[in-house]
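Undergrad: For reference, the structure I am asking about is given below.
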Amino acid sequence: MSPTNVMRMGAPLLLLCLSFLCCSIGDTYAQENIMPQIPPSLEECYNTSYFMNRQNRLPATIETLISLIEKVENTPTYSYDMRTLSVALLQRFRQDGIQRAYNVAESPGVIPYSPTGFQFPKFRILLSRLIPGNAFTFPNSTLTREERCSLHFMISSSLDLRTRGDESSVCNNLSQYRAQRLRRSPNVERKGGFVGDVEVLESFKAKAQKRGLKKGAYNALDYDFGWTSTGTTTSTTISQCPVENGVIWTPWGTVAAGALLAGVATGLQQQTVQLRTLLALSSRSNGYTNLPQTATVGVDNRWAATLAGDLAEVALVQVPFTSTETASVGANGAWNSTVMPEWYFLSQRQNFEMTDAEIRGGLDGLIIAQNIVSWRTQSSNMKLSQLLRMYYSTNGVLNSGIMACNRKANFATYAPSDQMIVQTSAFSQVLDREMQLGVTLSAANIATFSSSAAAALQSYVPNSLNDVTCTVSSSANSVTNMITPMTNIYVFLDTTWQYNTIVDYLVYILQRLNINPYASSVTLLAANDGSVIVNTTNYLPDIYQGWNVTLQAQYTAGFNLPNVLQTIQNLTQAYMTAEQSNSSVGGRSLIALMMPYSTVQVSSSDSSYATTQLQYIYEQVPDLHFIYYSSGQISRFATFVRDPSQDLFTLNTGSTPSVSSGPVVSRIVQIPRRIINPRCGSNWITPSWGTDQLAQYLNLNGTNFYRMVPNYFYGAGSNRNVAIQSTSGIQFIICTSRTVPLPTQSNATSASGGSTDITCAAIGNGFSYDLSNACNGYSYISQCPPLYISVQAPTSIQTTVSCSDNACQTPNQARYVISVTNLGCYSGVAGLFASFVTIVLAYVLREALQ
């Protein structure tokens, strides 16, 4: 062939390559993460030993990831859509393959980490050629340093194979775990449809220093592998149970979060690039005349960013070094904890190219990528946090029925064998040009090895991937699990508790209370003097960052009940005043969770004071519920709660957090939301009459429960009512009762078959309950029963629901409005005030004489 003909044939390809480069050059300039060193934006995570101690990172969970994403989404000055945000997260925080350099000490100007792992070449191809975009406008200041670095570690895949010195305990526990592990089904429902604890070494818990201590403050045998003398200094020794990084705990199995986000990003900007183009752009090109036969195939970026990318690593890194040329995929493991997960230990010492977490993350990412355009058509304003919240729940995304728990059932549909082989083979050709392998492979062999890798995955997923199924047990179908918690909870912690001992039991509770913007809030206080440890927040990461072993030590230990009651009185008064200013009709329960130390005893004088003070608080804040959670004889606090049979719980540090704290969660969740008259404020005086409204949201198949105390409808009043109006076109079921706190259609009939006072009706054009004479026949407010209301969504709907309000946690939540009209303000506070002042004076005098 003449040179002229060669040039003529190559010209179109050259023009295509130049066009691709021109379109990409602006983005590439901004992609500092694809350079073979730690980029400046991530140096803050590696230029100190602080984050190498994993106790200083946020827990690696799907809820943490969603919470951080939601925090970014709520940045007022940040303009984004789901595609730009998912791309920005990858471009800003992800860098795969980061390894610690052996025998290199930390020193000024020398960071002993760089992306030298086999995962980096694939990552570099994806970000530079297949996932266009940048992070120019990402609001870095929205996240704290701890949040930024935690996000980086959660989505950046790598392996730490070094021996640590703890293998005799950790790996032995892992072996026992594997031997006892059975196919699982969830039996503990979590908020929003989350269930179960999976892949956890319940008997293993790291005894290294907890969060907050700096370098040098923890024991010699530490988990800060790279920054202490612990661990080997040779590169040839592999731990019996290596550590996998870049993975997060979910109720449906451990997931590689980077692949998950890459699936979202590529699904929203799908592109198929000709293999010939990608090969021509490779750093090691063999010339156009040597391109493989598959060069006419297009590389689908959705596949490359998920399953095909990891399978290509299996085909190139693993298969050529086997005697049978047979691929092996899958590597399971276990977390140190599912409450505060920090370490994920693998159960094998070889064949790490495609772990179980990567399979799940890749499959989840691919399933989402192939459906997200359709979902966006149904809900154009869907947020990334909403998508992830729906997918990792028992409700699924919109009305599709697609969710993490049925990924195995969807595997054949979204990852068909023929397409998997083609995409794996094509991307392997590209990856081969970017990796420094120990062998040189022909195009034919790459295709063969790719087929072997794809076949291994086709067999592994249905037969060996140990996932939780969507079948929820009867306990998870209880009324508790139909409720989306909405509460304001004040936690009074006796800091006599060792942080290491108490943290999992308290965090387990908070993780299940829907602490999110527009949802629940939490305030953490010291139980000795009411000092604020963590101020009121809707972000659970604020608890992780504001409460640790070092900070807890700064607060005086002990449990002083009079101080606690005075503090909660002040806090709730301020809260009710704020509700009056905002015309808020409530919508959340009000909880005070007390956690005294096991040996705490309330003195007789404190008990007398507390008893009277509680009467005053109950009159002033009738919706406030006290719950005690402590070790020892829990009945010693019986006189300080409304219902000792329901509000006292034993904290058993010898059992797992799920066993000990689970009943506390159930009790808090079942306390109904408040419906109030916001005009009353904390002084129980209304300057006017009229109507106030509150928008509420409900998951399909869910139920919201409410309680209105008689303080708002005692005494006669004309045109006094509470009304509920659907604004989503959904026909809700409304149930009311004066005696049953959680009225539903299913308990409208008593266990003996008799009737109850529960009345249920479809909302139709609206629902109204007359309160004009609701306390007739009762001489005192305390005698008149409250009004209990439930709002239940239908199990299926015919219309499409798309909620665009900021308060919607998912776009398929149904919206309705609660209206209260001409409510009163009745309280016995004034009658108790004189006796209360006497008690206060006596208490002050006693304190002065001590």
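Undergrad: Show the residue pairs meeting these rules: Cβ distance below 7 Å; 6+ apart or different chains; first residue within the range 775-800 and in the same structural domain as residue 816 (by TED's automatic domain parsing) and closer than 27 Å to residue 479 by Cβ; second residue at pLDDT below 90 and of a type in the set (Val, Ile, Thr).
TA: Listed pairs, sorted by first residue: 793/730; 794/730; 797/730.
Undergrad: Run residue 537 past the list (1) modelled with pLDDT of 95 or more; (2) within 28 Å of residue 68 (Cα to Cα); (3) surrounded by 19 or more Cβ atoms within 10 Å (Cβ to Cβ) and report the number of the one that doesn't hold.
TA: All conditions pass for residue 537, except number (3).
Undergrad: Among residues belonging to the range 700-735 that are of a type in the set (A, V, I, L, M, F, W, C) and surrounded by fewer than 18 Cβ atoms within 10 Å (Cβ to Cβ), point out the one that is modelled with the lowest pLDDT. Give the derivation first.
TA: Of the residues in the range 700-735, the ones of a type in the set (A, V, I, L, M, F, W, C) are 700, 705, 708-709, 713, 716, 722-724, 730, 732-735.
Pick out the ones that are also surrounded by fewer than 18 Cβ atoms within 10 Å (Cβ to Cβ) and you get 716, 723, 733.
Numbers: 716: 79, 723: 96, 733: 93.
Among those that are of a type in the set (A, V, I, L, M, F, W, C) and surrounded by fewer than 18 Cβ atoms within 10 Å (Cβ to Cβ), it is 716.
Undergrad: Output the qualifying pairs, or none if there are none: Cβ atoms under 6 angstrom, residues six or more apart or on different chains, first residue in the range 119-131 and farther than 21 Å from residue 245 by Cβ, second residue assigned to a helix (DSSP H, G or I) and small (Gly, Ala, Ser).
TA: From the range 119-131, the pairs are 130/304.
Undergrad: Suppose we filter 484, 471, 413, 480 for residues that are at pLDDT below 95 and assigned to a helix (DSSP H, G or I); which single one remains?
TA: Details: 484 fails: assigned to a helix (DSSP H, G or I); 471 fails: assigned to a helix (DSSP H, G or I); 413 fails: at pLDDT below 95.
Just a single option satisfies the conditions, and that option is 480.
Undergrad: Among the residues of the range 681-699 satisfying the criterion of being hydroxyl-bearing (Ser, Thr, Tyr) and under 22 Å from residue 623 (Cα atoms), which is modelled with the lowest pLDDT?
TA: Taking the range 681-699 first, the residues hydroxyl-bearing (Ser, Thr, Tyr) are 682, 686, 688, 691, 697.
Still in the list and also under 22 Å from residue 623 (Cα atoms): 682, 686, 691, 697.
Values: 682: 92, 686: 86, 691: 95, 697: 94.
Out of the qualifying residues, it is 686.
Undergrad: Go through (1) at pLDDT 90 or above; (2) among the polar types (S, T, N, Q); (3) touching a Phe, Trp or Tyr at 6+ places or on another chain (Cβ under 8 Å) one by one and return the number of the condition residue 759 breaks.
TA: Unmet condition: (3).
Undergrad: I'd like the residue in the range 782-828 that is among the aliphatic types (A, V, I, L, M) and surrounded by fewer than 19 Cβ atoms within 10 Å (Cβ to Cβ) and, out of all such residues, is modelled with the lowest pLDDT. Steps first, please.
TA: Our first condition is that a residue be among the aliphatic types (A, V, I, L, M); within the range 782-828, this holds for 787, 789, 791, 793, 797, 801, 807, 814, 817-818, 820, 823.
Add one more test, that the residue is surrounded by fewer than 19 Cβ atoms within 10 Å (Cβ to Cβ), and what stays is 797, 807, 817.
Values: 797: 63, 807: 91, 817: 95.
By that ranking, first place goes to 797.
Undergrad: So is residue 392 in contact with a helix residue (DSSP H, G or I) (Cβ under 7 Å, 6 or more places away or on another chain) and either crowded, with 22+ Cβ neighbours inside 10 Å or among the charged types (D, E, K, R) (or both) or not? Please lay out each step first, then the result.
TA: On the way: in contact with a helix residue (DSSP H, G or I) (Cβ under 7 Å, 6 or more places away or on another chain): yes; either crowded, with 22+ Cβ neighbours inside 10 Å or among the charged types (D, E, K, R) (or both): yes.
Yes: the conditions hold for residue 392.
Undergrad: Please pick out the residue among 94, 83 that is farther than 16 Å from residue 42 by Cα and among the basic types (Lys, Arg). Working first, answer last.
TA: Working: 94 fails: farther than 16 Å from residue 42 by Cα.
Checking each option against the conditions leaves just 83.
Undergrad: Further, regarding this structure: Would you mind telling me which numbered condition in (1) in contact (Cβ under 8 Å) with a residue 40 or more places away in the chain; (2) buried (at least 22 other Cβ atoms within 10 Å of the Cβ) residue 666 fails?
TA: So the condition that residue 666 fails would be (2).
Undergrad: Just to be sure before I move on: is residue 407 within 22 Å of the chain's Cα centre (by Cα) and crowded, with 16+ Cβ neighbours inside 10 Å in the structure I sent? Break it down stepwise before answering.
TA: On the way: within 22 Å of the chain's Cα centre (by Cα): yes; crowded, with 16+ Cβ neighbours inside 10 Å: yes.
When the stated conditions are applied, residue 407 passes them.
Undergrad: A further question follows. What single numbered condition from (1) in contact with a Ser or Thr (Cβ under 7 Å, 6 or more places away or on another chain); (2) in a helix (DSSP H, G or I) fails to hold for residue 558?
TA: Only one criterion in (1) in contact with a Ser or Thr (Cβ under 7 Å, 6 or more places away or on another chain); (2) in a helix (DSSP H, G or I) is unmet by residue 558, namely (2).
Undergrad: Please work out which residue is nearest to residue 483 (Cα to Cα), limiting yourself to the range 588-600 and to residues that are modelled with pLDDT of 95 or more and in a loop (DSSP other than H, G, I, E, B). Step through it out loud before you land on a result.
TA: Initial filter on the range 588-600 (modelled with pLDDT of 95 or more): 588-597.
Filter once more, so that each one left must be in a loop (DSSP other than H, G, I, E, B): 588, 596-597.
Details: 588: 12, 596: 28, 597: 31 Å.
Within the range 588-600, the match that is nearest to residue 483 (Cα to Cα) is 588.
So that you can scan it fast, the table gives a plain yes or no per residue for (1) aliphatic (A, V, I, L, M); (2) surrounded by 15 or more Cβ atoms within 10 Å (Cβ to Cβ):
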residue	(1), (2)
439	yes, no
447	yes, yes
450	no, yes
460	no, yes
470	no, yes
479	yes, yes
483	yes, yes
493	yes, yes
506	yes, yes
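Undergrad: Checking the structure you have, find out if any residue of the range 61-72 is buried (at least 19 other Cβ atoms within 10 Å of the Cβ) and more than 22 Å from the chain's Cα centre (by Cα).
TA: Residues of the range 61-72 buried (at least 19 other Cβ atoms within 10 Å of the Cβ): 61-72.
Filter again for more than 22 Å from the chain's Cα centre (by Cα), leaving none.
Within the range 61-72 (the criterion being buried (at least 19 other Cβ atoms within 10 Å of the Cβ) and more than 22 Å from the chain's Cα centre (by Cα)), the answer is no, since none of the residues qualifies.
Undergrad: While we're looking at this one, here's another question. Can you tell me which of 545, 554 is within 21 Å of residue 54 (Cα to Cα) and outside the structural domain of residue 64 (by TED's automatic domain parsing)?
TA: On the way: 554 fails: within 21 Å of residue 54 (Cα to Cα).
Unique residue meeting the criteria: 545.
Undergrad: Among the residues of the range 679-700, is there at least one that is touching a helix residue (DSSP H, G or I) at 6+ places or on another chain (Cβ under 9 Å) and among the charged types (D, E, K, R)? Break it down into steps so the answer makes sense when it comes.
TA: So in the range 679-700, the residues touching a helix residue (DSSP H, G or I) at 6+ places or on another chain (Cβ under 9 Å) come out as 679-684, 699.
Now restrict to residues that are among the charged types (D, E, K, R): 679.
Among the residues of the range 679-700, at least one is touching a helix residue (DSSP H, G or I) at 6+ places or on another chain (Cβ under 9 Å) and among the charged types (D, E, K, R), which makes the answer yes.
Undergrad: Another question, if that's okay. Condition first: part of a loop (DSSP other than H, G, I, E, B), closer than 22 Å to residue 63 by Cα and touching a Leu at 6+ places or on another chain (Cβ under 8 Å). Can you find one or more residues in the range 499-514 that meet it? Walk me through how you get there before you give the answer.
TA: If we filter the range 499-514 for residues that are part of a loop (DSSP other than H, G, I, E, B), which is where we start, we get 511-514.
When the remaining residues are screened for being closer than 22 Å to residue 63 by Cα, the result is 511-514.
Filter once more, keeping what is touching a Leu at 6+ places or on another chain (Cβ under 8 Å): 511.
Yes: one or more hits.
Undergrad: I'm trying to understand the selection: among the residues of the range 579-605, which are among the polar types (S, T, N, Q) and either farther than 23 Å from residue 499 by Cα or exposed (fewer than 15 other Cβ atoms within 10 Å of the Cβ) (or both)? Don't jump to the end; show me each part of the working.
TA: Taking the range 579-605 and keeping what is among the polar types (S, T, N, Q), we get 580-584, 589, 598-599, 601, 603-605.
580, 581, 582, 583, 584, 589, 599, 601, 603, 604, 605 - these are the residues of the range 579-605 that are among the polar types (S, T, N, Q) and either farther than 23 Å from residue 499 by Cα or exposed (fewer than 15 other Cβ atoms within 10 Å of the Cβ) (or both).
Undergrad: Which numbered condition in (1) closer than 24 Å to residue 637 by Cβ; (2) at pLDDT 95 or above; (3) surrounded by fewer than 21 Cβ atoms within 10 Å (Cβ to Cβ) is the only one that residue 554 fails?
TA: (1)
Undergrad: Something else now. For residue 679, are the conditions met, namely being in a strand (DSSP E or B), touching a strand residue (DSSP E or B) at 6+ places or on another chain (Cβ under 9 Å) and in contact (Cβ under 8 Å) with a residue 60 or more places away in the chain?
TA: Numbers: in a strand (DSSP E or B): no; touching a strand residue (DSSP E or B) at 6+ places or on another chain (Cβ under 9 Å): yes; in contact (Cβ under 8 Å) with a residue 60 or more places away in the chain: yes.
It is false that residue 679 is in a strand (DSSP E or B), touching a strand residue (DSSP E or B) at 6+ places or on another chain (Cβ under 9 Å) and in contact (Cβ under 8 Å) with a residue 60 or more places away in the chain.
Undergrad: Let me ask another. Out of 539, 544, 555, which single residue is out of contact with any Pro (no Cβ under 8 Å at 6 or more places or on another chain) and of a type in the set (Ser, Thr, Tyr)? Don't jump to the end; show me each part of the working.
TA: Values: 539 fails: out of contact with any Pro (no Cβ under 8 Å at 6 or more places or on another chain); 544 fails: out of contact with any Pro (no Cβ under 8 Å at 6 or more places or on another chain).
So the residue among 539, 544, 555 that is out of contact with any Pro (no Cβ under 8 Å at 6 or more places or on another chain) and of a type in the set (Ser, Thr, Tyr) is 555.
Undergrad: Could I ask something else about it? Mind checking which residues of the range 489-500 are modelled with pLDDT of 95 or more and either under 20 Å from residue 550 (Cβ atoms) or more than 19 Å from the chain's Cα centre (by Cα) (or both)?
TA: First, the residues of the range 489-500 that are modelled with pLDDT of 95 or more: 489-499.
Hits for the range 489-500 are 490, 491, 492, 493, 494, 495, 496, 497, 498, 499.
Undergrad: Filter the range 123-156 down to residues that are assigned to a helix (DSSP H, G or I), within 21 Å of the chain's Cα centre (by Cα) and not acidic (Asp, Glu), then give me how many there are.
TA: Step one: of the range 123-156, the residues assigned to a helix (DSSP H, G or I) are 123-130, 140-142, 145-155.
Then keep just the ones that are within 21 Å of the chain's Cα centre (by Cα); that gives 140, 142, 145-155.
Of the ones still in play, those that are also not acidic (Asp, Glu) are 140, 142, 145, 148-155.
Qualifying residue count, the range 123-156: 11.
Undergrad: Another question, if that's okay. Out of the helices (runs of 4 or more DSSP H) lying entirely within the range 1-104, which hold 1 or more residues that are at pLDDT 95 or above and either in contact with a helix residue (DSSP H, G or I) (Cβ under 9 Å, 6 or more places away or on another chain) or not assigned by TED's automatic domain parsing to the domain that holds residue 146 (or both)?
TA: 62-73, 82-93
The values are calculated or read from the model by the stated rules, or taken from the named source; none is laboratory data. The model shown is predicted, which means the values in this text are computed figures rather than measured ones. Note: ideal-geometry Cβ built from the backbone for every residue, glycine included; neighbour counts use all protein chains shown.
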